[in-house]
Amino acid sequence: MTKFKICGLGHVDHALVAANAGADYLGFVFVQGVRRELSVQNATHLVEEYLRISGNGGPKLVGLFANQPIQYVNNTVSKVGLDMVQLCGNESPKYWNDIDVPVIKQIKVKEEGSLQKTISRITQLVKQVCKNGQIPLLDKYHDGYLGGTGTQFDWNISSEITKTYNIFLAGGLTPENVRDAIRTVTPWGVDVSSGIETDNTKDTKKIISFAKEVIQANKEIYD
């Protein structure tokens, strides 16, 4: 069954909607200088309020970071109460191993050269992440961007890789295309942020619609 993560959350109401819709992971952004960045103080308050209302045992809470000091990341994990970390920068395997909780490692897919060369190059990166015990997340490469860009890359790249490895698929996913993405790629998980927004704000109806499409795709493929 393909899991799903609702990312870039900044309000308790949206986190609750995502959890109630069946999300497996909720993502909170601590990457410096990006639009959805949360301060540690605001994230702590958000998570406390979310847990007060929803209780424990729901989706895993994931903090997104990029090229930030390990001590800051681990301190944020402890203070906010995160279950996992997603690394979106150029962090090394040694860095990954020094994080106190399980890691999702973003791999930026740069489509250059032939499709087979791209698949081979990305597969090697995925292999390294999996061998090291982390979860790879594939997202489209854009020069100068940390984290996601909300644009899609060729799913044929991912569909080859998922024959061997479990990955998160990200990049340009929406309620309108996620069912096709799951049919084509059969990823371990899918990740969405901008695809469930309206005017740069999380849209409750789109969150629910995205969740329904993932659930329906899983029924079609796995039931």
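Computed from the coordinates by the stated procedures, all read-outs in this text should not be read as laboratory data. Quick caveat, the model's predicted, so the values are computed rather than measured. Here the Cβ positions follow ideal geometry from the backbone for every residue, glycine too, while neighbour counts run over all protein chains shown.
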Given the Cα atoms of region 100-223, and with Rh set as the inverse mean 1/r over their pairs in the Kirkwood sense, what is Rg to Rh to two decimals?
0.97
With both partners inside the chain, how many of the DSSP beta bridges are antiparallel, as a percent to the nearest 5?
5
In Å³ per residue, the alpha-carbon convex hull of region 1-48 encloses 74
Put +1 on the Cβ of each Lys and Arg and -1 on the Cβ of each Asp and Glu in the chain; which of ALA18, GLY189, PRO93 then has its Cα farthest toward the positive end of the dipole?
PRO93
Reachable lysines from LYS127, Cα under 23 Å, same-chain residues fewer than 8 places away excluded?
LYS3, LYS5, LYS94, LYS105, LYS108, LYS110, LYS117, LYS140, LYS163
Ratio Rg/Rh [Cα only; Rh per Kirkwood] for region 1-129
1.01
Around LYS5, under 13 Å between beta carbons, what's the net of Lys plus Arg minus Asp minus Glu among the other residues?
-2
Give me the distance between the Cα centres of region 13-76 and region 89-117, rounded to whole Å.
21
Mean Cβ count within 10 Å, highest first, over the residues of peptides 120-128, 83-91:
83-91, 120-128
Exposure proxy order (Cβ contacts within 10 Å, fewest to most) of CYS7, CYS130:
CYS130, CYS7
Least to most buried among ILE157, ILE6, by other C-beta atoms within 10 Å and fewest first, runs ILE157, ILE6
For the chain, what is the mean residue ellipticity at 222 nm derived from helices alone (per DSSP H run of n ≥ 4: -39500 (n - 2.57); sum divided by total residues; nearest 500 deg cm²/dmol)?
-12500 deg cm²/dmol
Simple label model, 7 Å out from Cα along Cβ direction - TYR141 to ASN200, nm:
2.8
Can you tell me the dipole magnitude for the chain around its Cα centre, using point charges on the Cβ only (Lys, Arg +1; Asp, Glu -1), in Debye to the nearest 20?
400
Ranked list, fewest to most other Cβ atoms within 10 Å of each Cβ, for ASP199, ASP180
ASP199, ASP180
